[in-house]
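The next block holds one structure in the form of structure tokens; read it before the comments.
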Amino acid sequence: MLRKIKAALMGGVAALALSATAANATLHNRETTSHGWEINYSDTSGSCSTRRDHTDGTRFVMIYEANGTWTMIIGDPSWGSSIVEGNTYQVTHVIDGRSFQSRQWVGRANSGGSFIVLTGVRTEFVRAWANGYRMELWSNGRFLTALWLDGTMDAVLRVIACQQDGQQGR
């Protein structure tokens, strides 16, 4: 099983622009894990994703794109209009004490609220996230939220299997 995830995560992680088509893709829920992670397939973009709405209102999405790259989306209704469409944001993720920083988060907004998107997520981060227990999010020194990562390894493995099924036309 670890070889399977290692092989899937070793693929190059390149930047990917989120198109309007991908943002409006039709999602098909394949399953929901015992930890509440939804596994979805987009027939529009050919990507698979996992999504969970946390108890604090934060929605976290990890997408495995058809081209083998990862995209992460985070949103929270409490952010309101503080996220501006097209602006970039610096976000630090602390997973079990290990810090990951990025200045490449892009603000997006739709009828469901505002959120931030990071494309080309590094394999190193996906591994840490899949193996983690707790993740804190910070922006410019300000604490945003903390999320439990229970079930993330199972969710990542199911997303990878979903993507492999999609590539094989299943």
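The values are calculated or read from the model by the stated rules, or taken from the named source; none is laboratory data. Only a predicted model underlies this, so the values are computations on that prediction, with no experimental measurement involved. Glycine also receives a Cβ, built like all others from the backbone with ideal geometry; neighbour counts cover every protein chain displayed.
Return yes when Arg158 is in contact with a Cys (Cβ under 9 Å, 6 or more places away or on another chain), closer than 20 Å to Asn40 by Cα and modelled with pLDDT of 90 or more and no when it is not. For Arg158, the condition - in contact with a Cys (Cβ under 9 Å, 6 or more places away or on another chain), closer than 20 Å to Asn40 by Cα and modelled with pLDDT of 90 or more - is met.
Scanning segment 139-157 for residues that are β-branched (Val, Ile, Thr) and surrounded by fewer than 18 Cβ atoms within 10 Å (Cβ to Cβ) yields a single hit, Thr145.
Selection over segment 40-56 of residues that are farther than 15 Å from Gly151 by Cβ and in a strand (DSSP E or B) gives a count of 4. Based on what the data block shows, is Tyr133 hydroxyl-bearing (Ser, Thr, Tyr), closer than 19 Å to Trp37 by Cα and in contact with a Cys (Cβ under 6 Å, 6 or more places away or on another chain)? No, not satisfied.
Yes/no per residue for (1) at pLDDT 95 or above; (2) under 20 Å from Ile73 (Cβ atoms); (3) surrounded by fewer than 16 Cβ atoms within 10 Å (Cβ to Cβ); (4) touching a Gly at 6+ places or on another chain (Cβ under 9 Å):
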site: Thr88; (1), (2), (3), (4): no, yes, yes, yes
site: Asp96; (1), (2), (3), (4): yes, no, yes, yes
site: Gln101; (1), (2), (3), (4): no, yes, yes, no
site: Arg108; (1), (2), (3), (4): no, yes, no, yes
site: Ile116; (1), (2), (3), (4): no, yes, no, yes
site: Asn131; (1), (2), (3), (4): yes, no, yes, no
site: Leu137; (1), (2), (3), (4): no, yes, no, no
site: Gln168; (1), (2), (3), (4): no, no, yes, no
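Being in contact with a Ser or Thr (Cβ under 8 Å, 6 or more places away or on another chain) and modelled with pLDDT under 90 is the filter; apply it to segment 71-83 and report the residue that is nearest to Thr145 (Cα to Cα). Here the residue is Asp76.
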